[in-house]
1. I'd like the orientation of helix 339-351 relative to the chain: the angle between its Cα long axis and the longest Cα principal axis, in ° from 0 to 90, rounded to 10.
2. If you average 1/r over all unlike Cα pairs in the chain and invert the result, what Kirkwood radius do you get in angstrom?
3. In terms of the ratio Rg/(2.2 N^0.38 Å) built on C-alpha atoms, what value belongs to the stretch 323-415?
4. Which of the trypsin sites (Lys or Arg not before Pro) across the stretch 467-510 are loop residues per DSSP, with 12 or fewer other Cβ within 10 Å?
5. Can you tell me which of 212-220, 343-351 comes out highest on packing, and rank the rest after it, using the mean Cβ neighbours within 10 Å?
6. Cα convex hull of the stretch 79-229: mean projected area in nm², to one decimal?
7. Can you give me the Cα centroid spacing of the stretch 430-444 and the stretch 110-128 in angstrom?
8. Residue by residue through the stretch 72-80, which ³J(HN,Hα) values in whole Hz follow from phi under the Karplus form 6.51 cos²θ - 1.76 cosθ + 1.60 (θ = phi - 60°), with glycine and proline marked x?
Amino acid sequence: MRKFASLLLLLFFVAASLGRTPVFADSSTAIRLSVDATLAPQKILRVHLVIPAAPGPLTLFYPKWLQGLHAPIGPISNLAGLKISSNGQVLPWKRDSFDAYTFHLTVPSGAKQVEVSFDYLESGGPAGGTATDKLLDLNWYQVVLYPAGKPAAQIDVKSTLKLPSGWKFGTALPVESQSDAEIVFQTAALDRLLDSPLIAGEYYRVFDLTPPGETVHHEIDIVADSEVALSMSPEVQKGLTNVVAESRKLFGARHYRSYHFLLTLSDHTGHFGVEHHESNDSRLGERALLSSGASSDVGGLLAHEFAHSWSGKFRRPKDLTTPDFQAPLQTELLWVYEGNTSYLGDLLAARSGMWTADDYHRSLAGMAASLGPGRPGRTWRPLVDTAAAVPATFAGGPGAGGWGSWRRGSDYYEEGELLWLEAATIIHEQSHGQKSLEDFFHIFYGGANNGPEIKPYTFDELVQMLNQVVKYDWAGFWNSRLTSTSPDAPKGGIEASGWTLSFTSEPPLPGRASRRISDTTFTIGLEVGRDGHISDAIYGGPAFRAGLAPGMKIAAVNGRAFTPEILNDAINASKGNSRPIELLAIVDDYYKTFSIDYHDGERNPHLVRIAEKPDYLEELLKPEAR
Ligand SMILES: [Zn+2]
């Protein structure tokens with residue numbers, strides 16, 4: 001059903017390019033959606049919808065399952081003041097007894113449409129939306145109700161948007177016209193609309209990222225809480241342009257009309273990225289572009305989200321390809337959707353020069369180390385289960401509530417990446433260097449650019465395509481890795497690439513991997529904030545055995561008031577020392593002392609070369625487009 005919409009878009013483009021009459025979506029039957037965002041600084045969006053309807057029962061849906069977040073967390077609790085009317089007559093509505101995202105009403109005889117109005121009250125978070133005094137991140141799923149009965153690809157929506165005076169905007173959604181008062185967007189199918197977020201703000205800049213010779217337009221649109229935060233260095237702009245150039249080589253094709261990196265820079269939003277077919281909605285701290293680590297931070301995030309246009313958007317697991325936003329998503333294949341994207345994104349970040357080879361090695365080391373041994377969740381919960389359970393477990397965030405190493409989080413990202421690296425080394429070895437995983441990417445992600453098209457796949461089809469590159473027991477390989485309850489992370493790919501994981505006292509360099517993993521998780525087994533708050537403890541680790549738990553707060557280390565540095569000093573001094581590390585902690589208002597039996601000093605994960613094996617990572621990270 002979704003392919004139908006893609007076909008319409010394809011027809012439009014073919015017709016337009018041949019100079020014939022284009023096939024336009026029928027705007028007379030389209031839902032008219034007006035969003036007034038002039039109150040965005042007060043975190044209120046005013047929504048008005050005109051929905052074509054026939055007399056009789058009508059069911060309206062608020063989008064529930066969010067594709068990029070893989071969970072039923074449409075922000076329904078932010079909808080307030082819902083009023084539905086027809087021909088000036090107020091229509092009573094009733095929420096469904098079993099599903100809070102469903103509204104029932106009766107359309108009176110003679111009516112041809114209903115009018116719906118409500119306020120959307122911004123609440124932050126990945127699904128809730130963000131507005132600050134200076135900017136707005138708008139996801140259309142926040143501000144729409146749609147009628148039951150048709151796939152989202154067959155529901156046309158004509159949208160208009162009012163912004164605070166002087167604000168500018170960026171989006172992949174094609175604009176029909178715009179004035180100071182209002183932006184009018186081209187009519188779009190509901191699924192395309194909801195896949196096309198918009199960022200707007202008082203401080204806005206756009207940079208072209210189209211590499212020389214590239215026919216498809218790429219740009220980055222940036223909104224920020226200050227003018228100075230928009231100052232992207234020529235180095236970062238060049239790096240992102242390289243990412244785009246490298247993607248042409250890596251995938252061999254594109255599947256979008258144009259591509260917009262939508263970047264929000266604010267200390268008042270969550271910091272994450274969400275993928276879309278023709279854009280990504282990525283959010284970092286206000287000064288992210290001004291920091292010395294800008295290339296590595298921005299490159300790592302944006303390359304990942306960009307790779308999703310192929311992995312997850314163009315090629316999507318069949319079980320994640322649903323006709324609308326109410327049908328449940330089955331997430332078992334997220335080790336491809338997210339794991340393969342992690343592999344691709346990190347490769348693009350390194351090939352573009354936004355990451356150094358060291359950044360890449362450090363990221364791999366951090367991933368392997370954080371997966372085990374010593375992280376016991378994998379002994380009861382196989383990788384495939386971390387993917388399958390995500391609709392119920394992701395909303396609170398990996399490890400929310402603590403003991404994340406025992407629960408396991410969304411390991412299909414990191415472990416998926418290690419497994420795809422292992423697949424790359426298998427192809428390299430089996431073909432004696434004649435083939436590479438990139439040959440698979442060209443088969444899987446290649447083909448003509450028909451605009452934002454979706455080609456679903458199953459596990460069996462994936463295996464069959466890998467076999468087209470190199471004959472191997474791919475089903476056996478994936479099944480054994482996906483169902484393993486070994487205490488060890490799968491490091492086969494790292495080792496076959498000529499590297500091994502090693503812990504040394506050498507500190508990790510500043511960057512993505514080092515910030516994700518606190519030093520003390522690899523030593524005493526605690527994740528500690530700067531104020532001493534214990535956000536997590538490794539189940540079974542030294543601090544766990546001493547009686548410590550998430551939620552406690554460290555007050556003193558060996559008799560001295562806590563600072564992270566003093567804790568580090570105590571860990572350093574523990575090497576070869578038989579005295580335990582003594583922590584005084586606040587536990588539900590009581591002060592308690594804990595003795596941690598730990599004597600290994602500082603430990604940080606690093607990749608170290610295996611001298612007798614060739615360095616396959618060096619080959620993988622070589623730029624192809626320059
Ligand atoms: Zn992702």
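Here, each number is a calculation from the coordinates, and none is a lab measurement. Since we're looking at a predicted model, the values are computed, not measured. All Cβ positions, glycine included, derive from the backbone under ideal geometry; neighbour counts span all protein chains shown.
1. In the chain, helix 339-351 runs at an angle near 80 degrees to the longest axis.
2. Across the chain, the inverse of the average 1/r is 26.1 Å.
3. Details: Rg = 14.9 Å, N = 93, 2.2 N^0.38 = 12.3 Å.
So the stretch 323-415 has a normalised radius of gyration of 1.21.
4. Working: sites: Lys471, Arg481, Lys491; in loops: Lys471, Lys491.
When the trypsin sites (Lys or Arg not before Pro) of the stretch 467-510 are filtered for loop state and at most 12 Cβ neighbours within 10 Å, Lys471 remain.
5. Working: 212-220: 14.8, 343-351: 26.7.
Answer by packing, highest mean first, reads 343-351, 212-220.
6. For the stretch 79-229, averaging the hull's shadow over all directions gives 12.2 nm².
7. 48
8. x, 10, x, x, 4, 6, 8, 8, 9
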